[in-house]
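Here's the structure we're looking at; comments come further down.
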Amino acid sequence: MLQYVIAGLVLGGIYAIASAGLVITYVSSGILNFSFGALAYFVARFYYYLHTQENWGIIYSALLAILVAGPALGVLLYFALFRHLRLSSPLVKVVATLGLLVAVPAISTLIFGTQAIESAPGLAPQPVRVFSFLGVAVTLDQVIVYICVVATVVVGSAVLRYTDVGLKVRAMVDSPAMTALSGTSPNAVSIGVWAVSTFFAGLAGVLAAPIIGLDPNNFTLLIAAAFAAVIAAKFRSLPIAVGVGLAMGVVTSLIQEYLPPSSNWTAEIIDAVPFMFIAVFLVYNLVRRDTDSGAERVGGALDRAITPQGANQMAGSTASALEGGSLGLMAKFAGPVVLIVVAALLPIIVQGFWVGLMAQAFAYGIIFLSFTLVTGEGGMIWLCQITFAGVGALTASQLATNHGWPVLAAIAAGGLVALPMGLLIGFLTIRLGDLYVALVTLTFGLLMENLVFTMGIFQNLGLGVNMGRPDFAVSDHAFAYLCLVAFVIVALFIFNLRRSTTGLALNAVRWSPPGARTLGISVVQMKIIVAGLGALVAGIGGGFLAAAQTTAQPGNFATFLGVVWLAALVTIGVRSNAAALVAGITFTMLPAIALAYLPSWTGQLPAILFGLGAIGVAKFPDGTLEQSGEIFRRRLLSLANGRAPAPAGDLRAPGARLLAAPATNGDATQVVEEVPS
């Protein structure tokens, strides 16, 4: 047993170091960095490039990769992104870091190449020296991990709790403005924090590479597992995070001793252990009604008062002004109608396998509408919509292929199977904080992926289950139009939902839950409704996608692929039905175009673009399509009022209200309001 404990402490040590970096970042900035694993992979890949490919020595490679490149990357990301996120909503923070999660591995592949690296060196010289401890072999790599964990706990806890630096770091999350008044530069503290955070990411990455290899997906799963320790620490306690990380590693290792090694379930349970820890701690917090309310209190009243409101507040005013004018119908429906017409022409214009891709694009559009419901309308950070799509696809294929159901009935049944899952997760998570909701849904997706989607009935020896099409829509052309019709039906349902009393209540809940409660609106009820509808739509979309691909393959519904889906939609607009269709077409066609017509290295560009677009939500929360639509509406409103169109950067365009803008003298906040004459 001792050898399993020692081996488990190595894995647990890596969990501990990763969780330490996550806790330090959250304590100081209020941001739970979902891109931590991607940053760890980038530094580890850079270390491998220096040490193995360029034959640098271990010391020089480690110094440059871990102590220089890692912190420098953190500083760069702080100035480029993280400094803009401090007072952003939890949704914007999560989506922006998810954008990094998507973009950084693709950038790494673009820089370092695509070769698979299953074995990577650690910080110990080769051949690795082996010691004997109580009759158990211990390698020098393992000893280095133990030393790093002890140093992390002792130094990190001491600095955060007992030094002036730690006090300044903790003060940052409460109020940067008050911190500045005390004579401390908030920017300097933040730069240091992000440098330390990416240092821990790089250290964890280099230490983990000999165990898990250099695969970005493995790094993402590793850091996702470290979230269990962060949850146990309530996002703030460094010693607890490290302790739980070590415990997870030991439990994972001990399971290998008591479970049969030849069983497929053994490997699946081992992979799921960290997510079981997450589930246990989340249930514990749910029972105690212990939520992460601090996430919504990042920054003080002074910080919010002196921060100008962005242009994202304009859309409603210009849209409302247009609806009341003679151009209302044209402004409201011209764009979506033109988009549907163009989409209907595409299957006629393209030929060959591109027609089949259009069918898949329209099916993706249906799935993306589930994000529009849950995230756009409900304001919830759900990371398991791809899981519901997988449930719908696998259910529909089983019913249609193995039980003889009509295809459309099987697709509807797949959505109905996903519906109660969405309702249950919604019921369990609504009362938790936004970060807990994101982690619950991520955990649910990973557990389903590891324990359910891997079952033989769904895998079918890796081939998946065949999925037919309706008799009247067997060809790619016919099925593409069937998917487009289904998309239009779901989009119209969402449009009518927005205009209904339920939609108005959802809008109130999204903008201000406390305000909605004062109006007698049940926040829990509203969010549970939209959660169930989101799961239903995702399940139906998954069934259409399986029929478009003619097979239901569980590997097509991996949880972290869903992060790319969300990034693709957020880039264009998470609250727009039209954006869901554009995102479906873009997500499907861009990679295919790059593969067919562009050099091989451009295959990473779609992921980079989607990731950067998700990062851009920090500046444009409504997405690029909504921004373009705002400019279009502004021009129409100018024409309606007989004025020249205002410049795109003018926040005081006709119909816009600038609720808070810094006064020119810098002493007060100037309130400006301009309405059309």
In whole Hz and in residue order, list the ³J(HN,Hα) couplings for region 575-590 that follow from phi through the Karplus curve 6.51 cos²θ - 1.76 cosθ + 1.60, θ = phi - 60°; x for Gly and Pro.
9, 10, 5, 4, 4, 4, 5, 4, 5, x, 5, 5, 4, 7, 7, 4
Projected label distance in nm at S119 and N460, using a 7 Å step from Cα toward the beta-carbon
3.7 nm
Note down the net charge around L423, summing +1 for each Lys or Arg and -1 for each Asp or Glu among other residues with Cβ under 15 Å from its Cβ.
+2
Under the Karplus relation with 6.51, -1.76 and 1.60 and θ = phi - 60°, whole-Hz ³J(HN,Hα) for region 601-618, x at Gly and Pro, equal 5, 6, x, 7, 4, x, 4, 5, 5, 4, x, 5, x, 5, 4, x, 5, 4
Taking the mean number of other Cβ atoms within 10 Å as a proxy for protection, how do you rank 427-436, 607-616 from highest to lowest?
607-616, 427-436
Rounded, prolate or oblate: which one fits region 346-627, using the alpha carbon gyration tensor with axes a ≥ b ≥ c (rounded when a/c is under 1.5, else prolate when a/b beats b/c, else oblate)?
prolate
Could you tally the net charge around I6, taking each other residue with its Cβ under 13 Å from the Cβ of I6, Lys/Arg +1 and Asp/Glu -1?
-2
Env charge @ I31, Cβ radius under 9 Å, K,R +1 / D,E -1, value +2
Counting only residues 5 or more places away or on other chains, whose amide H sits under 5 Å from the amide H of T551 once H atoms are built in the peptide plane?
M467
Quick check: pseudo-label points 7 Å beyond the Cα along Cα→Cβ at D471 and L76, how many nm apart are they?
6.0 nm
Amide H contacts under 5 Å for W405, placed H, 5+ residues apart:
A400
Taking region 409-548, how much of its Cα-Cα pair set, in percent, is spaced more than 23 angstrom apart?
48 percent
Return the sequence-ordered ³J(HN,Hα) values of region 59-65 in whole Hz as given by the Karplus equation 6.51 cos²θ - 1.76 cosθ + 1.60 applied to θ = phi - 60°, using x for Gly and Pro.
4, 5, 5, 5, 4, 6, 6
Packing-ranked peptide list from 229-235, 201-207, highest mean Cβ count within 10 angstrom first, is 201-207, 229-235
Selection from Y15, Y4, G213, by position along the positive dipole direction of region 2-260 (Cβ)
Y15
Under 5 Å between amide hydrogens, which residues at least 5 positions from V138 or on another chain qualify, with H placed 1.01 Å from N in the peptide plane?
F131, S132, F133
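The numbers here are math on the coordinates, done by the rules we state, and not lab data. Here the structure is a predicted model, which means the values were calculated and not measured. Note: ideal-geometry Cβ built from the backbone for every residue, glycine included; neighbour counts use all protein chains shown.
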